[in-house]
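Data first, discussion second: the structure below is written as structure tokens.
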Amino acid sequence: MNSISIRDLSLKFGDTTVLNQLNLEVAEGEFLVLLGASGCGKSTLLNCIAGLLDLSEGQIFINGNNVTWAEPKDRGIGMVFQSYALYPQMSVRGNLTFGLKNARVPKDEINTRVKRAAQMLQIEPLLDRKPAQLSGGQRQRVAIGRALVRDVDVFLFDEPLSNLDAKLRAELRVELKRLHQNLRNTMIYVTHDQVEAMTLADRIAIMRGGVIQQLADPYTIYNHPVNKYVAGFIGSPSMNFLDGMFGGGDAPTFKSTGLDIQLGRYGFKDGSSDQAPIYLGIRPEHVQAGEASRELPFTRDINVEVVEPMGSDTLIWTSLEGQPFHFRMDGQAQVDVGETLQIGFDPAKASLFDKASEIRL
Amino acid sequence: MTVETYDIAQKTPRSSKSAAREPAGAKPIKRIDPGRIMLYSVLLVAAVYYLLPLYVMVMTSLKGMPEVRLGNIFAPPLEITFAPWVKAWDTACTGLYCEGLKVGFWNSVQITIPSVIISIAIASVNGYALSNWKFKGSEVFFTILIFGSFIPYQVMLYPLVIITRELGLFGSLQGVVFVHTIFGMPILTLLFRNYFASLPEELFKAARVDGAGFWGIFLKVLVPMSVPIFVVAIILQVTGIWNDFLFGVIFAGVKNFPMTVQLNNIVNTTMGVTEYNVNMAATILTGAVPLVIYFVSGRFFVRGIAAGAVKG
């Protein structure tokens, strides 16, 4: 039985369709990340699952129960918000127990649950403080605790780490992953941060314009993006796209002014028509430079235009036969602007997209 | 004026030992320029303009009638007497009755307290529902309500007289309370709606997930964080209702006249001598309540008005 099952869900505000005929199955204990740029409908979908927004069409099942019209409190969910949304006039303990008191949970039970959650999140010394006396990281821990004490099967996270500074975000990210490994609850996590998505998710759903573009595990999304949008969204810095034509036949090739790349071992989904305009996408980290490139099927000399040293690696911006191109080198590489370098890549690691439909070939 | 010529080089690096930790650099020149003088003069004149009548009132109310007759209204009393205050409170005549302002005072209290409580209680729930539980047509409802605040009161007087008569409230304290509650609704609803709309929406969502209902969210989550706006509403209503004359004189009935109406009757009584000292004392007594409210809660008032005005 699936933990969450969304069938043909649509949501319209007047004439604007925010979510369109959306279907989604989330397995029990799965960590699903909804990833997308702002305005793609990911938070809206989460609010629909939580019961904070009424649907225009479709059904939602949680643990096999049809909860399409159920109140948020009756859905068996806990939710964590971006702005923490702690009740400012209540102490941390008050925040944790508010929902339990509303549900008339017996006092002993409340105490054990609060104690357990506080231990798990290391907020025991803070229980009698007010939210205003806490730091951002502590506040978000309390907000997570408020979902924890509800003792539910499904946790919903609405960009929980976006308000934190970079260091704390990385810390809490690991903690969330550990929490999921211990609890094994179903978690749905909304974010626009691809690092959070890649690191936390069992599966990622990339959304755009109210539609799920691709739903797959992080490796598949990274290596076999279904379309150009997904390919460009995942990965930092983003994928290079070279504009050209597809030359089919016995030896499929990518042709462009000055470029003739043998595609050789590329795994085509299905055949493509000859002479069709396509994009060749190659990730900056799949490009080799200097000695290492010598053995690769495709090599070319380029002229270094901009160097961005980042410590762990160095980004080089250049152009490949007039088309903008960037790639990643070792952080200790000493490269000067204007220098000529040999680069190369294996077309088997590339992704090809039809130019009109932007769908992967 | 070129007196204040200023040499940067002279002032910047003072003795390097003692001033090492002080911020170094050219300091702004402090001087009294004509703009400042103008500004303070205008402020001073404005302050005197508003304070002078109060000064005259206080001085006159502390004089006996013989001294008032001298006509020297700015002079302090030669002999301070509190008799006019006692008379204004206890025995001054308002038309037929000579029981002083105290009757009106208690009437005003009996009108103000229930009106303030009922109107704020209803308007805060209205504002909460209109900002957080939007229903079909809620925006239209709100627009109509706001439109109501632009219609002059006088237009609605006669219909209201008929309504209160039919309800059996005309000429009673309840009648005035009823009218004040209705007329407080538009502005108070606007005030509360805008304040609640400015609170983070996620808080409301979190409370819903936590299983709080319509009243639970309102009473346990929103009201405790809305003290400033309640203070603003209380101040607006107390001063507005206490100072009201029109509704009091129409709907209360002779026995229930509020303090403002009684003050008018005392001052306008044309029998015998006009006792300026008693009139002044009566006026100060009537105005004392809103004044005290402002002094006690002015700080909250400014803060709350600002808080309510940010978003809407």
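Could you tell me the distance between the Cα centroids of region A:223-301 and region A:48-103, to the nearest Å?
If you average the Cα positions of each part, the centres end up 46 Å apart.
For region A:233-354, give the magnitude of the charge dipole about the Cα centre (Cβ charges: +1 Lys/Arg, -1 Asp/Glu; no others), in debye to the nearest 20.
On the way: 8 positive and 18 negative charges, 58 e Å.
With only Lys, Arg, Asp and Glu charged at Cβ, the dipole is about 280 debye.
When only Cα pairs under 8 Å and 6 or more residues apart are kept, what is the percent relative contact order across chain B?
Numbers: 322 pairs, mean separation 81.9, N = 312.
After rounding, I find 26 percent.
Expressed in nm to one decimal, what extension gain is obtained for the pair A:Ala251 and A:Ser238 from 0.36 nm per residue of sequence separation less their Cα-Cα distance? Each step should come with its number before you reach the end.
Working: separation 13, 0.36 × 13 = 4.68 nm, distance 2.85 nm.
Going from the current span to full extension adds 1.8 nm.
Would you mind finding the longest exposed-site-free stretch of chain B, with exposed GluC sites (Glu not before Pro) meaning DSSP loop and at most 12 other Cβ atoms within 10 Å? All intermediate terms of the calculation are to be shown ahead of the outcome.
Numbers: sites that count: B:Glu4, B:Glu79.
Excluding the exposed sites themselves, the longest stretch runs over B:80-312.
Taking beta carbons within 10 Å but only from partner chains, what does the mean come to for residues B:197-203?
Numbers: counts 0, 0, 1, 6, 4, 10, 7.
Per residue, the average neighbour count from other chains is 4.
State the answer as a single residue: which of B:Leu54, A:Val92, A:Val152 lies farthest towards the positive end of the charge dipole of the protein assembly as shown, with beta carbon charges of +1 for Lys and Arg and -1 for Asp and Glu, about the Cα centre.
Selected residue: B:Leu54.
Rounded to the nearest Å, what's the spacing between the alpha carbon centres of region B:101-177 and region A:155-206? Just the number, please.
Computed from Cα coordinates, the inter-centre distance equals 51 Å.
Output wanted: per-residue J couplings in Hz (rounded whole) for region B:129-141, from phi through Karplus 6.51 cos²θ - 1.76 cosθ + 1.60, θ = phi - 60°, x for Gly and Pro.
My calculation for region B:129-141 gives 5, 6, 8, 10, 10, 4, 10, 4, x, 5, 5, 4, 4 Hz in order.
How much mean residue ellipticity at 222 nm does chain A get from its helices, if each DSSP H run of length 4 or more adds -39500 (n - 2.57) and you divide by all residues, to the nearest 500 deg cm²/dmol? Intermediate results must be reported in sequence, preceding the final value.
Values: 8 runs with 85 residues, N = 361.
My calculation for chain A gives -7000 deg cm²/dmol from helical runs alone.
Which one, B:Tyr153, B:Ile117, B:Val209, is farthest towards the positive end of the dipole of region B:102-309 when Lys and Arg carry +1 and Asp and Glu -1 on their Cβ?
Going by the charge dipole, the pick is B:Val209.
Putting +1 on Lys and Arg Cβ atoms and -1 on Asp and Glu Cβ atoms, find which of B:Thr189, B:Cys93, B:Leu167 reaches farthest to the positive end of the dipole of the protein assembly as shown.
Positive-end residue among those listed: B:Cys93.
Percent relative contact order of region B:46-187, based on C-alpha pairs within less than 8 angstrom and at least six residues apart? Mind showing how you got there, number by number?
Details: 90 pairs, mean separation 27.3, N = 142.
The normalised contact order for region B:46-187 reaches 19 percent.
Of chain B, which part is the longest with no trypsin sites (Lys or Arg not before Pro) in a loop (DSSP not H, G, I, E, B) and with at most 14 other C-beta atoms within 10 angstrom?
Details: sites that count: B:Arg14, B:Lys17, B:Arg21, B:Lys30, B:Arg31, B:Lys134, B:Lys136, B:Lys311.
Longest run free of exposed loop sites: B:137-310.
Only bridges with both residues in the protein assembly as shown count here: give the DSSP antiparallel percent, nearest 5. Each step should come with its number before you reach the end.
On the way: 60 of 78 bridges.
Antiparallel: roughly 75 percent of the beta bridges in the protein assembly as shown.
Taking the Cα atoms only, what angle lies between the long axis of helix A:92-102 and the longest principal axis of chain A, rounded to 10 degrees?
The angle comes out near 70 degrees.
Given DSSP loops and a limit of at most 12 other Cβ atoms within 10 Å, what is the longest stretch of chain A that contains no such chymotrypsin sites (Phe, Trp or Tyr not before Pro)? Each step should come with its number before you reach the end.
Values: sites that count: A:Trp69, A:Phe268.
Result, exposed sites excluded: A:70-267.
What does the net charge come to around A:Thr199 if you take all other residues with beta carbon closer than 13 Å to its beta carbon, with K and R at +1 and D and E at -1? Mind showing how you got there, number by number?
On the way: positive: A:Arg169, A:Arg173, A:Lys177, A:Arg178; negative: A:Glu171, A:Glu175, A:Asp193, A:Glu196, A:Asp202, A:Asp217.
Around A:Thr199, the charge tally is -2.
Compute, for region A:129-286, the length of the dipole vector about the Cα centre, with Cβ point charges of +1 (Lys, Arg) and -1 (Asp, Glu) only. Units Debye, rounded to 20.
Working: 19 positive and 17 negative charges, 174 e Å.
Roughly 840 debye, rounded to the nearest 20.
No partner Cβ under 4.7 angstrom, meaning no disulfide-compatible partner by this rule: which Cys of the protein assembly as shown qualify?
A:Cys40, A:Cys48
Tally the DSSP beta bridges in chain A and give the antiparallel ones as a percent, rounded to 5.
Numbers: 59 of 77 bridges.
Just about 75 percent of them are antiparallel.
Can you list the GluC sites (Glu not before Pro) in region A:276-321 that are in a DSSP coil and have 11 or fewer other beta carbons within 10 angstrom? It would help to have the intermediate numbers written out before the result.
Values: sites: A:Glu285, A:Glu291, A:Glu295, A:Glu305, A:Glu321; in loops: A:Glu295, A:Glu305, A:Glu321.
Counting only loop positions with at most 11 other Cβ atoms within 10 Å, the GluC sites (Glu not before Pro) in region A:276-321 are A:Glu295.
Report the charge-dipole magnitude of the protein assembly as shown in Debye, nearest 20, computed about the Cα centre from +1 at each Lys and Arg Cβ and -1 at each Asp and Glu Cβ. Don't skip to the end; give the middle numbers.
Details: 60 positive and 58 negative charges, 532 e Å.
Dipole magnitude for the protein assembly as shown comes out near 2560 debye.
Within the set of other residues whose C-beta is less than 15 Å from the C-beta of B:Trp215, count the net charge using Lys and Arg as +1 and Asp and Glu as -1. Working shown, then result.
Numbers: positive: A:Lys73, A:Lys101, B:Arg208, B:Lys220; negative: A:Glu71, B:Asp210.
It works out to a net charge of +2.
Hey, what number do you get for chain B at 222 nm if only DSSP H runs of n ≥ 4 count, each worth -39500 (n - 2.57), divided across all residues, to the nearest 500? Don't jump to the answer; show the numbers that get you there.
Numbers: 13 runs with 204 residues, N = 312.
Mean residue ellipticity at 222 nm (helix-derived): -21500 deg cm²/dmol.
Read the figures in this text as sums done on the coordinates, not as results from a lab. Source: prediction; values computed, not measured. When we count neighbours, we look across all protein chains shown, and the Cβ atoms used for this are built from the backbone with ideal geometry, even at glycine.
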